[in-house]
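Okay, structure first, notes after.
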Amino acid sequence: MKILVSADMEGATGVTWPADVLPGTPQWERCRSLFTSDVNAAALGFFDGGADEVLVNEAHWSMRNLLLERLDDRVQMLTGKHKSLSMVEGIQHGDVDAVAFVGYHTGAGTEGVLAHTYLANSITGVWLNGVRASEGLLNAHVAAEYGVPVVLVTGDDATCKDADTYAPDARKVAVKDHVSRYAAVCRTPARTAADIRAAAAEAAALAVRHTPVTGDSFTIELEFDAEHLAAAATVVPGVAPTGERRVAYTSGTMYDGIRTFKAVTTIVSSAVEEQYG
């Protein structure tokens, strides 16, 4: 049994505001330990439940945040940027039996601690086939295309509620309760580590590959906080304006859909001016 852990940071234990997740800040340095504790707890739980391999894919910002030396020796970690499938890199090779979303958060334009979709700001909403989409929803559709179930989701309580829509059978662990975008009622790392480990041990029983979901088309629409960002996005072939500050594109697979999404967000981020957005 091989488990892929897609590890994001905004939904980690104790994380509540931008400095907690921005590489180079003192708060980020402190929160790296909390983030690593969550990820290690998930890995330990999967091993408790019978997993043979756990591959952790760093999915936050620079994708160089976790402390490798504090992970269980059985864990392997994929770190660094420029990966074909970004947050769920590794799922495409046919040897992953389940995926866990650890440290996830809600999507742009919704309630939740540090809610966003790919870009911290600039994107005010994302819709997949008309349904408002978080990173979790987008990545779950990628996983489904490879027959890989989502078996564990951790983050704030709003993230767990969001996960019910795309992974109803997965185990969920709320490490904090949302108060505002920059505030939460947090559990201690000892408590969240115990909760995540127990949930991951249970989730291992759900690690059964299913028939890949194919044949669907996916229309992804994005809304930005400035018109020039929408214009910048149309540089990507197939991306067209759909309304004020909105663009959309359609892909025949989520593999192509998420890669186009990555291209759009990369170009848009380069068009953002420091003061005026």
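The values are calculated or read from the model by the stated rules, or taken from the named source; none is laboratory data. What you see is a predicted model, and the numbers here were worked out from it, not measured in a lab. When we count neighbours, we look across all protein chains shown, and the Cβ atoms used for this are built from the backbone with ideal geometry, even at glycine. Remember, those area values only see protein heavy atoms, side chains included, never the ligands or the DNA or RNA. Shrake-Rupley method; radii C 1.70, N 1.55, O 1.52, S 1.80 Å.
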Review point. Which condition number does Val235 fail, the rest of (1) in contact with a Pro (Cβ under 8 Å, 6 or more places away or on another chain); (2) hydrophobic (A, V, I, L, M, F, W, C); (3) in a loop (DSSP other than H, G, I, E, B) being met?
Key: (1)
Practice item. State yes or no: is Pro18 open to solvent by 10 Å² or more (accessible area, probe 1.4 Å) and out of contact with any Lys or Arg (no Cβ under 8 Å at 6 or more places or on another chain)? Key: yes
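Among the candidates Glu223, Glu227, single out the residue that is among the acidic types (Asp, Glu), closer than 29 Å to Tyr146 by Cα and over 18 Å from the mean Cα position of the chain (by Cα).
Glu223
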Review point. Does segment 35-55 hold any residues that are closer than 20 Å to Ala174 by Cα and open to solvent by less than 10 Å² (accessible area, probe 1.4 Å), and which are they?
Key: Phe35, Thr36, Asp38, Val39, Ala41, Ala42, Ala43, Gly45, Phe46
Revision key, fill the gap. Log entry, pairs with first residue in segment 93-115 being within 15 Å of Val151 (Cβ to Cβ), second being among the basic types (Lys, Arg), beta carbons closer than 6 Å, six or more apart or on different chains, reads Val96/Lys2; Asp97/Lys2; Asp97/Arg209
Check your understanding: For segment 96-113, what are the residues that are out of contact with any Ser or Thr (no Cβ under 9 Å at 6 or more places or on another chain) and surrounded by fewer than 22 Cβ atoms within 10 Å (Cβ to Cβ)?
Key -> Asp97
Review point. Given Arg197, Arg187, Arg171, which one is touching a residue at least 24 places away in the same chain (Cβ under 8 Å), surrounded by 15 or more Cβ atoms within 10 Å (Cβ to Cβ), within 26 Å of Asn40 (Cβ to Cβ) and out of contact with any strand residue (DSSP E or B) (no Cβ under 9 Å at 6 or more places or on another chain)?
Key: Arg197
Review point. In segment 220-236, how many are in contact with a helix residue (DSSP H, G or I) (Cβ under 9 Å, 6 or more places away or on another chain) and exposed (fewer than 15 other Cβ atoms within 10 Å of the Cβ)?
Key: 1
Exercise for review: Report the residue count in segment 249-277 for those that are hydrophobic (A, V, I, L, M, F, W, C), within 30 Å of His93 (Cβ to Cβ) and open to solvent by 20 Å² or more (accessible area, probe 1.4 Å).
Suggested key: 2
Check your understanding: Is there any pair with a first residue in segment 257-275 that is closer than 14 Å to Ala240 by Cα and a second that is of a type in the set (Phe, Trp, Tyr) whose Cβ atoms are under 6 Å apart and which are 6 or more apart or on different chains, and what are they?
Key -> Thr260/Tyr249
